[in-house]
Amino acid sequence: MVKQTDLFSDWLTNYINYEHTTNTEGFSLDTMVFLVKRLGMPQNSFKSVHTAGSKGKGSVSTIAARILTESGKPSGLYTSPHISDFRERITGPGGFFTEEIYGQAADYLVSRVNSIVPGLIPGGKAPSWFELVTLFAMLTFKTAGLPWAVFETGLGGRLDATNVLKPEACIITTIELEHTGYLGNTKKEIAGEKAGIIKPGIPVFISKQNQEVKDVFLKKAYQMSSPVFFMDEVLDFLDTVYEGTSLSVKAGFKSIPGGASFKRPLSFNLKMLPEIQAENAVLAAYALKTIIPEIEEKVIEKALSECFIPGRFEIMDLGIPVVLDGAHTENSIHGTLKSFFKLYPGKAHLLFACAADKNVENISKQTDSLFSRIIITKPGCKKESNITEAEKAFKKNCRTTDGSLPEIIPEYGTAILNALEIAKKENASLLITGSFYLLAEVKKLLSPSRQDPES
């Protein structure tokens, strides 16, 4: 039986997908503003939390939605990209919605979009794939009757399709150099785009940043008359200890006017690694406790202890430990490597691929002399990559533990199977990282019966 989401995904292929294609025309909110009005302002049918940032925003979004649901406020969750199933982007309190709910939302969206008179959209520009998926998420949550939803921005913030929301809270995670072709060439410029989600009078909760970036957010918050809370200022302490393949976390908070009022420190066991996830967890917890003071500490702790996100330091037992992690920035790769070798200090192999816009020069330097085998490949067929640049960087900056050069296997399917086979043969742990698109291809090969609806 064909799923409603499969049919909807087929319809979406008629529209340009900037996750896979470079946008040479620039972004604008005009189309999104037009479409939400045409669809009856579905984003106003629930309360929302809006997250942005260079790294960790998907984790923070997932954690925030889990806290809301655990506190008796069932929440939808909109994140990207998906790894194995298109529905991963749009989920509810119990995971996937029923096909009936997805179908009703899709039918309404498709009929309203197909009936648009040509030229009626501002600028005459057709909606993008991501804009339509964002609308689909809003309609799905509305159809399901959810009181809350958490939305992760796709790219940037100011002009992101999700920025038609009127949230109860905005959350901004770590800023790094990423998507420089769209967002700017400095952290300050990128922060300016991320700051675009800050709304008048709405509290904004921000992870630790350098002073230059911090100043950008302070200026924007002042302009918007928005209360602003930086986690390095509200945290009293954050202690983490590895317990097997999880983290034991204890966090205490200072008493800040207008901020969260915790009765006691939080204590929880976090399944999510690396250690930066503890910072993501307390960021989400602090934001939710501030806007909903009645949420009890034990409820937050239970929610945090139950969180799991595919592709974020996901550990698979394939006879050897295989870690799948979508880290793709310099700092996130650093955290992933630290946790990986903390858990698996012995012989290790690396399979790496990244998109064309990543800082492969600095990433490659971090892997030098750590792995006994390194394979560089492409992150699949959907994401634009530059394996020539990756090869150049890794061969310049990186050697294996015996001094050998990294191997280059451009065909990702061959690279994945080769990496798994040799790691098993040599009884080595295997880290697969650099791109969520690479992880999606790994999942397909390991579970060939599951097909990506986009493919």
LYS142 fails exactly one of (1) basic (Lys, Arg); (2) closer than 20 Å to GLU88 by Cβ; (3) not in a helix (DSSP H, G or I), namely (3)
How many residues does segment 278-314 hold that are at pLDDT below 95, farther than 13 Å from LEU68 by Cβ and either of a type outside the set (D, E, K, R) or open to solvent by less than 10 Å² (accessible area, probe 1.4 Å) (or both)? 5
Contacts under 8 angstrom Cβ, first residue in segment 218-239 being more than 17 Å from ILE291 (Cβ to Cβ), partner aromatic (Phe, Trp, Tyr), 6 or more apart: LEU235/PHE253; ASP236/PHE253
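Given the criteria within 23 Å of ILE206 (Cβ to Cβ), in a helix (DSSP H, G or I) and open to solvent by 10 Å² or more (accessible area, probe 1.4 Å), does ARG112 qualify? Break it down into steps so the answer makes sense when it comes.
Details: within 23 Å of ILE206 (Cβ to Cβ): no; in a helix (DSSP H, G or I): yes; open to solvent by 10 Å² or more (accessible area, probe 1.4 Å): yes.
Against the criterion (within 23 Å of ILE206 (Cβ to Cβ), in a helix (DSSP H, G or I) and open to solvent by 10 Å² or more (accessible area, probe 1.4 Å)), ARG112 does not qualify.
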Those residues of segment 61-109 which are among the β-branched types (Val, Ile, Thr), surrounded by 20 or more Cβ atoms within 10 Å (Cβ to Cβ) and part of a loop (DSSP other than H, G, I, E, B) amount to THR79, ILE83
Scanning segment 219-228 for residues that are open to solvent by 10 Å² or more (accessible area, probe 1.4 Å) and under 24 Å from the mean Cα position of the chain (by Cα), which turns out farthest from PRO200 (Cα to Cα)? VAL228
Here is a check on your reading of the model: is THR134 open to solvent by less than 10 Å² (accessible area, probe 1.4 Å), within 13 Å of SER28 (Cα to Cα) and either outside any helix (DSSP H, G or I) or polar (S, T, N, Q) (or both)? no
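Being in a helix (DSSP H, G or I) and either of a type in the set (Ser, Thr, Tyr) or surrounded by fewer than 23 Cβ atoms within 10 Å (Cβ to Cβ) (or both): is that true of ASN427 here? Give the steps one after another, and end with the answer.
On the way: in a helix (DSSP H, G or I): no; either of a type in the set (Ser, Thr, Tyr) or surrounded by fewer than 23 Cβ atoms within 10 Å (Cβ to Cβ) (or both): yes.
Answer is no for this residue.
The values are calculated or read from the model by the stated rules, or taken from the named source; none is laboratory data. These numbers come from a predicted model, not from an experiment. Quick reminder, even Gly has a Cβ in these numbers, built from the backbone with ideal geometry, and neighbours come from all protein chains shown. Ligands, DNA and RNA are stripped out before the accessible areas are found, and what is left, the full protein with its side chains, is counted by its heavy atoms. Shrake-Rupley method; radii C 1.70, N 1.55, O 1.52, S 1.80 Å.
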